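Beneath this line is the structure, given in structure tokens, with notes to follow.
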Amino acid sequence: MTDTIQERINQYLKDTIAAERNFENALATFGKAGEQTPVQSMLSAASAKAKTQHERLEALLAKRGGTPSEGKTLLAEMLAFTPLSAQIGQGAAEKNTQHLMVTFAAAAAEMAMYESLATAASVGNSEDVVSLARTLQKEERDDYDQVWGVLRASAADSFQAELAKGKVAKDVLKVYLEDTIAAEKSFETQLLGFSKEAGNSTDQQLFQQHAQETKEQYLQLSSRLEQLGGSASTLKSMLAHAFNFAPKIAQLGHDEYERQTQNLMMAFAVENAEVAMYESLAEVCRIAGDAETEALALSIQEQERATADKVWKQIAPAVRRAMTTSRMNAMA
Ligand SMILES: [Fe+2]
Ligand SMILES: [Fe+2]
């Protein structure tokens, strides 16, 4: 029985190591892109930190008699950010702002990942794993706060850079709105998928209600876009691309209990991506003097924040359910 619990903790450790390796690479790529030097150095420093994190995790895994997986694991696949930078065709400064949004969401995903690891380890009374998970979680929180601290300035600079190319403020704003609407549409689909896979009525209702809320969000955004003389495009959004969602999820082979935890971690990352997306949109609206769109962005942002909080509270219970199931399987 105990062996199975300890093996499951080692599996969480392996997933976490693979995810940190992935973040190390993605952040290094981000650090070289664009033109906002302070953003680039921040992201490069976060990459170096991710390296020390997986090294510490690897040392602990070795002490526990495990070895890291060779291939990419589930969590790394789920949070596959790398292809992003190649796909975005916007301005150099905008690229930096987008990388900040993705990094903010990644830091949130990692905070959730360490919540899972710490919870799993405490079920197995592995104090050393709990302790490292909490330390690394604090480091992710630190990245999250640092990114937040420069996000508005980066969004403002990106917007000014577009205007400097001779673009009209209203047209740039319309493009941002289109991108946001496309992202919300893909999030709605994803939330409906999560609600179908939910293992209990709390999670199911949470996802379902937010899917409904999400639909109202893009309807509001679309009507604002129309007032500005635009129409919602059918193009895929950069943010939807960034998270590389739906197709990956379909391929995952872990059991349904683990999957519920993963869906919650992913949902937490997405809601945080949205919080950053609306922060950036609000700043651009403020500069453009569009108070109405700014107010809309900030009111939607509140819904994303509230959802992120609700999702967070369900992560540890989901991990405990997954761990209890493995215990029961071992006893059978
Ligand atoms: Fe949303
Ligand atoms: Fe949302």
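For residue 332, state whether it is open to solvent by less than 10 Å² (accessible area, probe 1.4 Å) and modelled with pLDDT under 95. So residue 332 does not fit the description; no. Inspect the range 138-154 for any residue being closer than 22 Å to residue 297 by Cβ and surrounded by 23 or more Cβ atoms within 10 Å (Cβ to Cβ) and give the result as yes or no. Yes, some residue in the range 138-154 is closer than 22 Å to residue 297 by Cβ and surrounded by 23 or more Cβ atoms within 10 Å (Cβ to Cβ).
Suppose we filter the range 207-223 for residues that are within 14 Å of ligand 1 (Cβ to nearest atom) and in contact with a helix residue (DSSP H, G or I) (Cβ under 8 Å, 6 or more places away or on another chain); how many remain?
Filtering the range 207-223 down to residues within 14 Å of ligand 1 (Cβ to nearest atom) leaves 207, 209-222.
Among the residues that remain, those that are also in contact with a helix residue (DSSP H, G or I) (Cβ under 8 Å, 6 or more places away or on another chain) are: 207, 210-211, 213-215, 217-218, 220-222.
Residues meeting the conditions: 11.
Residues considered: 290, 309. Of these, the only one that is modelled with pLDDT of 95 or more, within 13 Å of ligand 2 (Cβ to nearest atom) and of a type in the set (Asp, Glu) is 309. Sub-9 Å Cβ pairs linking a first residue in the range 106-125 that is surrounded by 22 or more Cβ atoms within 10 Å (Cβ to Cβ) and among the charged types (D, E, K, R) to a second residue that is at pLDDT below 95 and outside any helix (DSSP H, G or I), at least 6 apart or interchain, are 110/79, ordered by first then second residue.
Checked against the criterion of being more than 13 Å from ligand 2 (Cβ to nearest atom), open to solvent by less than 70 Å² (accessible area, probe 1.4 Å) and on the phi > 0 side of the Ramachandran plot, the range 165-181 contains one or more residues that satisfy it. Kindly evaluate residue 166 against the criterion of being outside any helix (DSSP H, G or I) and in contact with a helix residue (DSSP H, G or I) (Cβ under 8 Å, 6 or more places away or on another chain). Judged against the criteria, residue 166 is not a match. Does the range 194-217 hold any residues that are open to solvent by less than 30 Å² (accessible area, probe 1.4 Å), in a helix (DSSP H, G or I) and not β-branched (Val, Ile, Thr), and which are they? Those that are open to solvent by less than 30 Å² (accessible area, probe 1.4 Å), in a helix (DSSP H, G or I) and not β-branched (Val, Ile, Thr): 194, 195, 203, 206, 207, 210, 211, 217.
The values are calculated or read from the model by the stated rules, or taken from the named source; none is laboratory data. Just so you know, these numbers come straight off a predicted model, no measurement behind them. In this analysis, Cβ positions are derived from the backbone assuming ideal geometry, glycine residues included, and neighbour counts consider all displayed protein chains. Note: areas computed on protein heavy atoms with side chains; ligands, DNA, RNA excluded. Shrake-Rupley method; radii C 1.70, N 1.55, O 1.52, S 1.80 Å.
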